[in-house]
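Okay, so here's the structure we're looking at.
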Amino acid sequence: MRVHIRTMNSSGGEMPSAREIMTPGAVCVSERETLADAAQKMADLDIGSLPICGEDNRLKGVVTDRDIVVKAIAKGRNPADVPAGDLAEGKPVTIGADDDAAEILRTMGRYQVRRLPVIDGHELIGMVALADVARALPDRPVGDLVDAISKS
């Protein structure tokens, strides 16, 4: 059994957890769907990234609108012919549902990402974006993270 100790923020209150600040119900693109399918889902949902889910319902990675442009279109690949799973590289960076906002910021900073899939056990339950954290925390930690991500 995992015990989670919540951290206090600078005003003495508890830091919110990923579960509390995430956008629930993340929509996945299947690893077999094409990048064109992923782009259409992003356009329909007005979002810039989608988790890539495998046949086993496990998270395989995340594809961003920028990935589609830089890793497919710019290399002359037709997004209608490229499976989303082709862009799932390595182990996806995630955050646990009960991890607090400080851990979210540390993880985003360490991996230079602005969005993280939220996992409860092995189940994808939502996505947390830098904007979600910004709304939940005082300005200083978020500003420091934006500076760190923007410098890379």
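The values are calculated or read from the model by the stated rules, or taken from the named source; none is laboratory data. Since the structure is predicted, the reported quantities are computational estimates derived from the model, not experimental observations. Because the Cβ atoms are built from the backbone with ideal geometry, glycine has one as well, and the counts that use them run over all protein chains shown. Ligands, DNA and RNA are stripped out before the accessible areas are found, and what is left, the full protein with its side chains, is counted by its heavy atoms. Shrake-Rupley method; radii C 1.70, N 1.55, O 1.52, S 1.80 Å.
For this structure, a couple of remarks:
- Being surrounded by fewer than 17 Cβ atoms within 10 Å (Cβ to Cβ), farther than 15 Å from Ala18 by Cα and not hydrophobic (A, V, I, L, M, F, W, C) holds for only one residue in Gly61, Gly90, Gly85, Gly121, and it is Gly90.
- Leu130 open to solvent by less than 30 Å² (accessible area, probe 1.4 Å), at pLDDT below 90 and over 21 Å from Gly61 (Cα atoms): no
- Residue that is at pLDDT 95 or above and basic (Lys, Arg), where the choices are Arg77, Arg6: Arg77
- Hey, Arg32 open to solvent by 70 Å² or more (accessible area, probe 1.4 Å) and within 22 Å of Asp120 (Cβ to Cβ) or not: no
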